[in-house]
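Colleague: Dropping the structure in here first, questions after.
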Amino acid sequence: MARRRPEPVQVVKERRDAALAALVGGVPYIRRLGVQFDRRGDELTAVLPFADRLIGNPVLPALHGGAIAAFLEISAIVELAWSGLWHEIESGRISMDDLRAGRLPKLPKTIDLTTDFLRSGLPRDAYARARVNRSGRRYASVHVEAWQDNRDRPFAQATGHFLMPLSAEETDG
């Protein structure tokens, strides 16, 4: 029995990049806040490029707490959606045609998010990585840490709980 020839690396990379772009591009608030994602394999780093409009306290100056919390929540939701989408992309169940047509799974919905502000966010770019602690059919728990200059010195962290969207099989029943 002959093995199926693997796809060229560039084709796989393009499909992954298109899936992430479609996932992020489908949420206007992500674009409004300016959050971007750097993908290395299956690992995502969220990037919040500094902008003057993100300053909450001009005296310090410090990033606005709401912008920080939103950045952490976006990072958690996209990581959670990406971790589920990854298997669909790799198995070929989601094609480039699906991505071009905007056919992606629904995003998880936030149940709660607890944010810890560990120090002031400085007027510079911020980065975040989320880790899925638990992901089941209906519920997921995610932890996120945000840093600026040194990953070992986070300035904020959050733990969130999310309601997972129903699968196609569950909605048909």
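Nothing in this text is a laboratory measurement; each read-out follows from the coordinates by a stated rule. If you're wondering where the values come from, they're calculated on a predicted model, not measured in any experiment. Here the Cβ is made from the backbone with ideal geometry for all residues, glycine too, and neighbour counts use every protein chain on show.
Colleague: Would you mind counting up the charge near Asp17? Only other residues with Cβ under 12 Å from its Cβ, with Lys and Arg at +1 and Asp and Glu at -1.
Modeller: Net charge around Asp17: +3.
Colleague: While we're here: Please state the shape class of the stretch 34-80: rounded when a/c is under 1.5, otherwise prolate if a/b exceeds b/c and oblate if not, all from the C-alpha gyration tensor.
Modeller: Taking the square roots of the gyration eigenvalues as a ≥ b ≥ c, the stretch 34-80 is prolate.
Colleague: Karplus couplings for the stretch 137-144 from phi (6.51 cos²θ - 1.76 cosθ + 1.60, θ = phi - 60°), rounded to Hz, Gly and Pro as x?
Modeller: Those phi angles translate into 5, 10, 9, 9, 10, 9, 10, 10 Hz.
Colleague: On full extension of the chain, what length is gained from Arg40 through Arg100, given 0.36 nm per residue of separation minus the C-alpha to C-alpha distance?
Modeller: Full extension from Arg40 to Arg100 adds 19.4 nm.
Colleague: Do you know the relative contact order of the stretch 9-172, to the nearest whole percent, from alpha carbon pairs under 8 angstrom that are 6+ apart?
Modeller: Once normalised by length, the contact order is 23 percent.
Colleague: Now a separate question. Excluding Ala140 itself, calculate the net charge of residues whose Cβ lies under 14 Å from the Cβ of Ala140, where each Lys or Arg counts +1 and each Asp or Glu counts -1.
Modeller: Overall, the nearby charge balance is +3.
Colleague: Could you pull out every residue, at least 5 positions away or on a different chain, whose amide H is within less than 5 Å of the one on Asp125? Hs are placed 1.01 Å off N in the peptide plane, and Pro or chain starts have none.
Modeller: Amide H neighbours of Asp125: Phe50.
Colleague: Could you tell me how many degrees, from 0 to 90 and to the nearest 10, lie between the Cα long axis of helix 65-91 and the main elongation axis, the longest principal axis, of the Cα atoms of the chain?
Modeller: On a 0 to 90 degree scale, this one is about 10.
Colleague: With volume of the Cα convex hull per residue in Å³ in mind, check [x] 145; [y] 165; [z] 126 and report the label derived from this structure.
Modeller: The calculated read-out lines up with [x].
Colleague: While we're here: Using only Cα atoms, find the angle between the long axis of helix 9-25 and the longest principal axis of the chain, and express it within 0 to 90 degrees, rounded to the nearest 10.
Modeller: 50
Colleague: Once you have a ≥ b ≥ c as the square roots of the Cα gyration tensor eigenvalues for the stretch 7-64, tell me rounded if a/c is under 1.5, and otherwise prolate or oblate according to whether a/b is larger than b/c.
Modeller: Prolate, because a/c is 1.5 or more and a/b exceeds b/c.
Colleague: Let me ask something else about it. Quote to one decimal, in nm, the extra length available between Arg31 and Glu90 on full extension: 0.36 nm per residue of separation minus the C-alpha distance between them.
Modeller: 18.6 nm
Colleague: Of Leu23, Leu72, how do they rank once you tally other Cβ atoms within 10 Å and put the fewest first?
Modeller: If I rank by nearby Cβ atoms, fewest first, I get Leu23, Leu72.
Colleague: Using helices alone, I'd like the mean residue ellipticity at 222 nm for the chain: each DSSP H run of four-plus residues gives -39500 (n - 2.57), total over residue count, nearest 500.
Modeller: For the chain, the value works out to -11000 deg cm²/dmol.
Colleague: Quick one, what does Rg over Rh come out to for the stretch 1-99 if you take C-alpha atoms and the Kirkwood Rh?
Modeller: 1.12
Colleague: When ranked by the protection proxy of mean other Cβ atoms within 10 Å per residue, highest first, what sequence do the peptides 111-120, 45-54 form?
Modeller: Descending mean neighbour count gives 45-54, 111-120.
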